[in-house]
Every structure is written in structure tokens, then in C-alpha cells.
Amino acid sequence: MQNFPALRLILKLGRWWALCCGLLSCTVAMLALYPLLGLLAILPAVFALGFGYYLGKSYVELITIIVTTVN
């Protein structure tokens, strides 16, 4: 684990990583759909927020499983 500082950073800041993934996907969905749907674009953006958070969290959990298996 000493040779892999990026893995330590991912494990330490995993929740923030997942939150950033969720906010990024929410922002992209809002920017893409606002010209088409107006304020109704909030609904898909909220769905994208949840999906992005879930995707980021699953990535961190996968890294955690790999690190605990290797160590």
C-alpha cells in the first residue's frame, strides 16, 4: 500500500469522490436538457445525481475490495 498513494487517496476521499461524480452528472444532465425541457429538466437531473453518486460509490467500493484482497 505504501507504493500506491493514489489508492490511499481514493480510499480516504471516497465519499467526496462519489459526491463529485453525482454533482457532475447532475450538472451535465441539467445543461443538456434545459434547452429542451426548461425547468422540467430538474427531474432527470435529480435522477442523474443519484445515478452518478451510485456509480462513484461503487467505484470506491471496488477499489476497497481490491486493496483489502491484495493486502
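The values are calculated or read from the model by the stated rules, or taken from the named source; none is laboratory data. Bear in mind that the values here come from a model prediction, so they are computed numbers and not experimental data. Glycine also receives a Cβ, built like all others from the backbone with ideal geometry; neighbour counts cover every protein chain displayed. For the accessible areas, the whole protein counts, side chains as well, though only heavy atoms, and no ligand, DNA or RNA atoms are used. Shrake-Rupley method; radii C 1.70, N 1.55, O 1.52, S 1.80 Å.
Shown in residue order for the stretch 55-60 are the 3J(HN,Hα) couplings computed by the Karplus curve 6.51 cos²θ - 1.76 cosθ + 1.60 at θ = phi - 60°: 5, x, 5, 5, 5, 5 Hz (x for Gly and Pro). Projected label points at residue 16 and residue 70, each 7 Å from Cα along the beta carbon direction, are separated by 2.2 nanometres.
Surface composition of the chain: carbon plus sulfur atoms hold 77% of the accessible area, using a 1.4 angstrom probe and ignoring ligands, DNA and RNA. What the chain shows is 77 Å² of accessible area per residue, with the surface traced by a 1.4 Å probe over protein heavy atoms. Applying the Karplus relation 6.51 cos²θ - 1.76 cosθ + 1.60 with θ = phi - 60° to the stretch 64-70 yields 3J(HN,Hα) values of 4, 5, 5, 5, 5, 6, 6 Hz, where x marks Gly and Pro.
What's the Kirkwood radius of the stretch 13-71 in Å, using all Cα pairs?
Every distinct Cα pair counted, the radius reaches 12.1 Å.
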